[in-house]
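Here's the structure we're looking at; comments come further down.
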Amino acid sequence: MSQAWFISFEGIDGAGKSTHIEGLSNWFNSRGHIVTRTREPGGTPLAEKFRELALHEAMDPLTEALIMFAARREHLIQVIEPALARGEVVLCDRFTDATFAYQGGGRGFDWQVLKSLEQMVQHVPSSPLRQPDLTIWFDLPPAVAAERLSTARLPDKFESQPQSFFQAVRNGYAKRMQESPTRFAQIAADQSRDAVWSDVLKAVEAAYSQ
Ligand code: TYD
């Protein structure tokens, strides 16, 4: 493996992405890759300010979508594109599918408007529409996620939403996967941690051998 690679990780809150992102980062490092590990919303000092606003302030749905995309633009230009240009592996905890799932599915915001924002924001000098090479979707029934989150830290604006919201977010992810089936690997996140990890590795190896 030597080429630049962009992998995003998605799922409803409580799906358990973090440990596997860490594991994959070590896995790539041990194979000689330089890894840039980052997250959305956030990933630059300015985008982290947008994150703070988006996760903790009540706002109009269009404002919320615009903040997510504003953060994404900064992150793409300042962090993701340069890392890919250096030939690194970029592991990103959430990317644009989260906006479709949360703002589109969860909030019911217009899908086509999100698509036009996506076209504008993810148009970069090296690609007319930058997308991850692989998106790993940790899929989990909202009831299981709610159980996990009940013992977690103080919830943010999204984590405190009812289960029906997360069902709509899950449907949003399913719709995104239907639109780009080859980019997505859907992993059942309600298995043991070892079984999930084994599925994550299979997805990465399968995508790389393409
Ligand atoms: P998350 O990635 O789960 O971080 P943490 O593990 O620190 O809580 O939190 C980010 C939240 O932001 C999550 O609830 C999903 C939400 N979000 C959106 O609503 N839209 C987006 O475009 C992105 C990237 C995230």
- Checked pairs for segment 19-41, first of a type in the set (S, T, N, Q), second outside any helix (DSSP H, G or I) and within 16 Å of the ligand (Cβ to nearest atom), C-beta under 8 Å and 6 or more apart or across chains, list as S25/R37; S25/L91; T36/V90; T36/L91; T38/V90; T38/L91; T38/C92; T38/D93
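Go through the residues of segment 156-178 one by one and say whether even a single one is of a type in the set (A, V, I, L, M) and within 27 Å of E205 (Cβ to Cβ). Don't jump to the end; show me each part of the working.
Filtering segment 156-178 down to residues of a type in the set (A, V, I, L, M) leaves 168-169, 174, 177.
Adding the requirement that they be within 27 Å of E205 (Cβ to Cβ) leaves 174, 177.
Yes; the residues of segment 156-178 include at least one that is of a type in the set (A, V, I, L, M) and within 27 Å of E205 (Cβ to Cβ).
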- Could you give every pair whose Cβ atoms fall below 9 Å, whose first residue belongs to segment 43-58 and is over 21 Å from I77 (Cα atoms), and whose second residue is surrounded by 15 or more Cβ atoms within 10 Å (Cβ to Cβ) and among the aromatic types (F, W, Y), counting only separations of at least 6 or pairs across chains? L55/F158
- Query: Does E10 fit the bill of being near the ligand (Cβ under 10 Å from one of its atoms) and in contact with a His (Cβ under 7 Å, 6 or more places away or on another chain)?
  - Reply: no
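Is one or more of the residues making up segment 177-194 under 23 Å from F50 (Cβ atoms) and either of a type in the set (S, T, Y) or within 13 Å of the ligand (Cβ to nearest atom) (or both)?
The initial filter retains those residues of segment 177-194 that are under 23 Å from F50 (Cβ atoms), namely none.
No, there is no match, as no residue in segment 177-194 is under 23 Å from F50 (Cβ atoms) and either of a type in the set (S, T, Y) or within 13 Å of the ligand (Cβ to nearest atom) (or both).
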- Taking segment 10-24 and keeping residues open to solvent by less than 10 Å² (accessible area, probe 1.4 Å) and farther than 13 Å from W197 by Cβ leaves E10, G11, I12, A15
- Reported set for segment 42-63 where residues are assigned to a loop (DSSP other than H, G, I, E, B) and either within 11 Å of the ligand (Cβ to nearest atom) or in contact with a strand residue (DSSP E or B) (Cβ under 7 Å, 6 or more places away or on another chain) (or both) is G42, G43
- What are the residue pairs meeting all of these: first residue in segment 108-124, first residue polar (S, T, N, Q), second residue surrounded by 13 or more Cβ atoms within 10 Å (Cβ to Cβ) and assigned to a loop (DSSP other than H, G, I, E, B), Cβ atoms under 9 Å, and 6 or more apart or on different chains? Q122/R130; Q122/Q131
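Taking R39 as the residue in question, decide whether it is near the ligand (Cβ under 10 Å from one of its atoms) and either surrounded by fewer than 23 Cβ atoms within 10 Å (Cβ to Cβ) or at positive phi (or both). Full working, then the answer.
Details: near the ligand (Cβ under 10 Å from one of its atoms): yes; either surrounded by fewer than 23 Cβ atoms within 10 Å (Cβ to Cβ) or at positive phi (or both): yes.
Judged against the criteria, R39 is a match.
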- Query: Within segment 64-78, is even one residue in a helix (DSSP H, G or I), without any contact (Cβ under 8 Å) to a residue 24 or more places away in the chain, more than 10 Å from the ligand (Cβ to nearest atom) and over 30 Å from P162 (Cβ atoms)?
  - Reply: no
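Quick one: how many residues across segment 52-72 are of a type outside the set (S, T, Y) and open to solvent by 50 Å² or more (accessible area, probe 1.4 Å)?
First pass over segment 52-72, keeping only residues of a type outside the set (S, T, Y): 52-62, 64-72.
After this cut, where a residue has to be open to solvent by 50 Å² or more (accessible area, probe 1.4 Å) as well, the list is 52-53, 56-62, 66.
Selection size over segment 52-72: 10.
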- Scan (1) open to solvent by 10 Å² or more (accessible area, probe 1.4 Å); (2) assigned to a strand (DSSP E or B) for the single condition I7 breaks and write down its number. (1)
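The values are calculated or read from the model by the stated rules, or taken from the named source; none is laboratory data. Predicted model, so just to flag it, every value in this text is computed and none were measured. Methodologically, a virtual Cβ is constructed for each residue, glycine included, from the backbone with ideal geometry; neighbour enumeration extends over all protein chains shown. Keep in mind that these areas ignore ligands, DNA and RNA; they rest on the heavy atoms of the full protein, side chains included. Shrake-Rupley method; radii C 1.70, N 1.55, O 1.52, S 1.80 Å.
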